[in-house]
Amino acid sequence: MTEEQILQRFEAQREMYRATLQGQKTRGLDMISVTQGGEQGATEATEPSGTVVFGEFAPELQVNIAIRFAFDSASIAPDQRPALEKMCSAMRQSDVGLFRIVGHTDAKGSDSYNETLSKLRAEEVRRWLVQDCGITASRLEALGMGKRFLANPADPAAAENRRVEFQALS
């Protein structure tokens with residue numbers, strides 16, 4: 001995905017979020033409330049305490065970056081730097097006020113383990129973007145979804161399920 005494609009998807013995401021917040025129905029965005037450590041369920045209501053509203057975009061609107069991590073690790077390997085630098089450049093060019101970094105895992109391991117691991121990985125990408133790229137910390141939030149939203153549900157253990165997704169919120 002080129003930087004221009006990333007920027008176009010961010011703009012489309014932001015417009016969909018804005019429309020949803022204004023009560024409009026949008027095609028390509030499902031708002032799902034997810035209790036951290038719990039199960040998911042569709043919602044249109046205000047989220048209760050401990051619940052995050054996650055925007056699940058249609059695949060053609062997603063900005064998924066396959067950042068590889070070593071087994072049982074949240075450390076970013078040096079060979080992952082080019083993908084992060086491309087994202088860094090796109091974020092610097094964007095006027096988006098808040099990005100959400102969403103970590104995902106494959107389906108190996110328990111729900112709680114995968115949720116924790118996906119959160120640690122999203123936080124590590126956030127740390128890299130702040131410290132190495134210079135993105136303002138207040139523009140980034142990290143969220144771990146574990147194995148709830150598989151990119152390849154036909155193969156829950158597939159490597160493409162282990163990814164970091166970027167969403168433009170405002």
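Among the protein heavy atoms of the chain, carbon and sulfur supply 51% of the accessible surface, probe 1.4 Å, non-protein parts ignored.
Let's see if you can work this out: charge +1 on each Lys and Arg Cβ, -1 on each Asp and Glu Cβ, no other charges. What is the dipole magnitude of the range 54-126 about its Cα centre, in debye to the nearest 20? Display every interim value, and only then the final one.
On the way: 9 positive and 11 negative charges, 45 e Å.
Charge dipole, the range 54-126, about its Cα centre: 220 debye, nearest 20.
Dipole orientation for the chain: of the candidates 28, 151, 63, 63 has the Cα lying most toward the positive pole (charges on Cβ; Lys, Arg +1; Asp, Glu -1).
Amide hydrogen proximity for residue 35: with H placed 1.01 Å from N in the peptide plane, the residues at 5 or more positions away or on another chain lying under 5 Å are 52. Note on residue 147: lysines with a C-alpha under 21 Å away, same-chain residues under 8 apart excluded, are 108, 119. Rounded to the nearest 500, the 222 nm mean residue ellipticity of the chain from helices alone is -10500 deg cm²/dmol, with -39,500 (n - 2.57) taken per DSSP H run of at least 4 residues. Dipole magnitude for the chain: computed about the Cα centre from +1 point charges on Lys and Arg Cβ and -1 point charges on Asp and Glu Cβ, it is near 200 debye. Based on alpha-carbon atoms, the Kirkwood radius and the radius of gyration of the chain give Rg/Rh equal to 0.94.
Rounded to the nearest 0.05, the FRET efficiency derived from the C-beta distance between residue 98 and residue 68 at R0 = 25 Å is 0.45.
Quick check: net charge around residue 137, other residues with Cβ under 15 Å of its Cβ, Lys/Arg +1 and Asp/Glu -1? With Lys, Arg at +1 and Asp, Glu at -1, the neighbours total +1.
The values are calculated or read from the model by the stated rules, or taken from the named source; none is laboratory data. These numbers were taken from a predicted model, which means no experiment stands behind them. Cβ coordinates were reconstructed from backbone atoms using ideal geometry, including for glycine residues, and neighbour counts include every protein chain displayed. Ligands, DNA and RNA are stripped out before the accessible areas are found, and what is left, the full protein with its side chains, is counted by its heavy atoms. Shrake-Rupley method; radii C 1.70, N 1.55, O 1.52, S 1.80 Å.
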